[in-house]
1. Which percent, to the nearest 5, of DSSP beta bridges fully inside the range 52-175 are antiparallel?
2. Give the peptides 278-285, 193-200, 19-26, 131-138 in descending order of average Cβ contacts within 10 Å, highest first.
3. Between Glu147 and Leu312, what's the calculated FRET efficiency when r is the beta-carbon distance and R0 is 35 Å? Round to 0.05.
4. Calculate the length of the line joining the C-alpha centroid of the range 283-306 to that of the range 52-87, in whole Å.
5. Which FRET efficiency, nearest 0.05, do Gln76 and Leu155 yield, Cβ-Cβ r, R0 45 Å?
6. Modelling each spin label as a point 7 Å along the Cα-to-Cβ direction, I'd like the Ser231/Ser9 distance in nm, to one decimal.
7. For Thr127, Thr241, Thr79, which order do you get if you count the other beta carbons within 10 Å of each Cβ and list the fewest first?
8. Where does each of Arg57, Arg6 land when they are ranked from fewest to most other beta-carbon atoms within 10 angstrom?
Amino acid sequence: MSLIQRLISNLGTEENYALIQKIHGHFYYAKKINLINQAIETDIEAEKLMMLTLPTRLKKEGYECFIGDLIQVNPQNQTITEIIPRLSLMPRPKVANIDQALIIISVCEPAPEPEYLDRLLTHASLTLPDKPIICLTKVDLQKPAPEFINLYKSLGYKIIELSYLQPESLEELKTYLFNKVSVLAGQSGVGKSSLLTNLFPERAFKVGDVSKKSQKGTHTTRHTEMFEGRSGKNIFYILDTPGFSRLDAQVNLTEINSAKAFPEIAQSQEKCYFEDCKHLEENGCKINFSESRKASYQKLAQESIERESEQLESRKVKDAEDSTKKSSSVNINIPKLKSSDRSISRKKQKQSFNLNTEDSLNETENSEE
Ligand code: GDP
């Protein structure tokens, strides 16, 4: 069940729910949505998106809306009346309620980069509820390497071979998209815009060339938008966002060292010799990584170890600075001497001389004796 379905199934029979698909300035564009027999249905009559605003009262209370948010709407004044608590939120740019990632790689032009693919897979597996799907594009140009396909299939990933010359290759992909919100991820030039063009033929997506020199695409997605597709009665949503491919989410070692991120960890028959094996260079490590996956695992693990130790170091420096600041501003309570034991300042001496001239004179006289 997708996150949106889960949200809707808890809402009862109330109407006027909508899904935000686009945001421009202060305007939110959303489509009315119903849930019928566990399938998401949008209002077929309403071809256009509703243009809505978020009332100042809600903004003042700290409410924010993002693409992917399920909202309740007042159709009379075209305002958002409620934001249904989201089940997930992807940062930079913020997008809510995503179910799965479609990781797009091409068999050639550009050739797959296993480390980049493994990073995307790890990132998607750790942040989204459904297992990512690998889409292998440009299969008309070159046959995919069987070792590559077998490796990722053996780890439980779905691999779908696509070619924009064979639109029927999309049908298999669509069956995994229905009722879900999927985010596209992959480096430029691999065929994301071409895939969107095939999925949404009524819309014009900018397809770029692949540079001969860098083997990268020349067009990059700059803004985020959710596209709604249909196949018969079935609906699916695709998000095109630059955020997911940027991979700036920082995953820690415990997350990386998990079967969710690296299914090999669960598949190994024997347990490692050490309880807390990090699967780096330990003797007795039993994880059966392929060479390329081991390299990716080690790179990710090493990065997170370095990042964690940098963070620890900078926290230590900050704590030390804070405690120096505190100690310099502390009032040290020095006990006062009895007034008889205190040395008398010159000013006081003078004053006492002026005031008690006679006593002082006497004292002086006595001392001279
Ligand atoms: P994006 O940067 O990931 O959006 O990639 P594009 O969709 O812009 O495609 C980059 C280049 O690859 C363009 O020249 C496309 O025509 C080409 N391309 C995309 N998909 C396929 C495919 O399935 N087969 C072939 N032969 N070329 C493709």
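Laboratory data are not the source of any read-out in this text; all were calculated from the coordinates shown. What you are looking at is a predicted structure, and each value in this text was computed from that prediction instead of being measured. Cβ: placed from backbone, ideal geometry, glycine included. Neighbour counts: every protein chain shown.
1. 35 percent
2. The peptides rank, most packed first, as 131-138, 193-200, 19-26, 278-285.
3. Approximately 0.30, to the nearest 0.05.
4. The range 283-306 and the range 52-87 have Cα centres separated by 44 Å.
5. Calculated value: 0.30.
6. Computed distance between label sites Ser231 and Ser9 equals 2.2 nm.
7. Thr79, Thr127, Thr241
8. If I rank by nearby Cβ atoms, fewest first, I get Arg57, Arg6.
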